[in-house]
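Student: Take this structure, written in structure tokens, and hold onto it; I'll ask about it next.
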Amino acid sequence: MTKKLPVLILLIICLACIVGCSRLSETAVPVKHNTIAGDATELKIDLPIQMSTKVQDLTPTDTQGYVIKQLGYIDRSKNAADFSAIALSSVHLNADKVASLGPAGKKTFMDSMEKSAMKSFTASYLQSVNGSNSAVEKKEMTINGVDTHEYIVTYQSKENKPCVAKMLYIPDDTEVWIVVIDYPKDSEKAEKQADTSLSSIKIVKK
């Protein structure tokens, strides 16, 4: 039986509402400590804003019991770092059910889930903003002792401006986290702050 995987459709649709990239002066950016609530864990991250957006329930209707809850946050407010958007999503997995697949089956499930998330994000987002000439680079990273996968999506906006959407995928047996920061490619300040924000991430159990 085919297992249905969460594909972050609502998160992508919300993020896809962003159009264009702006540029601010290259100055130091003060950060605020944010704690984002997942279903089983909390993600701590330093951002140029204090996120106050309401959580969205993105739980797929039929996951055959593999996903307990998926939550999402989107913030498109203006900020000193010149970010066009910040998006976060947590996917609370049924660890026992995933483990019942066995080592090989579990790996296949987790790999498929990541590929599904990345494919859906790239295709839906770029289509919605009329982005073109996209390229994807994947990096393996360790942030505060946690192995993560960073996908750097560069593209041309419909205004023909070069943009970057960095997606950090944080795999976990209990709750997967996905963090996306979108910004103008020609903003050195935004690039540095995106890296600083992503490197500040810590995940703690509730």
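The values are calculated or read from the model by the stated rules, or taken from the named source; none is laboratory data. Only a predicted model underlies this, so the values are computations on that prediction, with no experimental measurement involved. Glycine also receives a Cβ, built like all others from the backbone with ideal geometry; neighbour counts cover every protein chain displayed. Please note that ligands, DNA and RNA were not included when accessible areas were found on the heavy atoms of the full protein model with its side chains. Shrake-Rupley method; radii C 1.70, N 1.55, O 1.52, S 1.80 Å.
Student: Check ASN160 against each of (1) outside any helix (DSSP H, G or I); (2) closer than 20 Å to THR41 by Cβ and name the one condition it does not meet.
Tutor: Result: ASN160 passes all but (2).
Student: Pull out all pairs, ordered by first then second residue, where Cβ-Cβ is under 7 Å, the residues are six or more apart or on different chains, the first lies in the stretch 73-100 and is surrounded by 21 or more Cβ atoms within 10 Å (Cβ to Cβ), and the second is polar (S, T, N, Q) and in a loop (DSSP other than H, G, I, E, B).
Tutor: Filtered contacts from the stretch 73-100: TYR73/THR53; ILE74/THR53; ASP82/SER22; ASP82/SER187; LEU93/THR174.
Student: If you don't mind, another one. Being polar (S, T, N, Q) and open to solvent by 60 Å² or more (accessible area, probe 1.4 Å) is the filter here; which residues of the stretch 31-63 pass it? Give the steps one after another, and end with the answer.
Tutor: Pass one, the stretch 31-63, residues polar (S, T, N, Q): 34-35, 41, 50, 52-53, 56, 59, 61, 63.
The answer is THR35, GLN50, SER52, THR61.
Student: Further question: Listed residues LYS189, LYS161; which is open to solvent by 50 Å² or more (accessible area, probe 1.4 Å) and modelled with pLDDT under 95? Quick ask: steps written out before the conclusion?
Tutor: Numbers: LYS189 fails: open to solvent by 50 Å² or more (accessible area, probe 1.4 Å).
Checking each option against the conditions leaves just LYS161.
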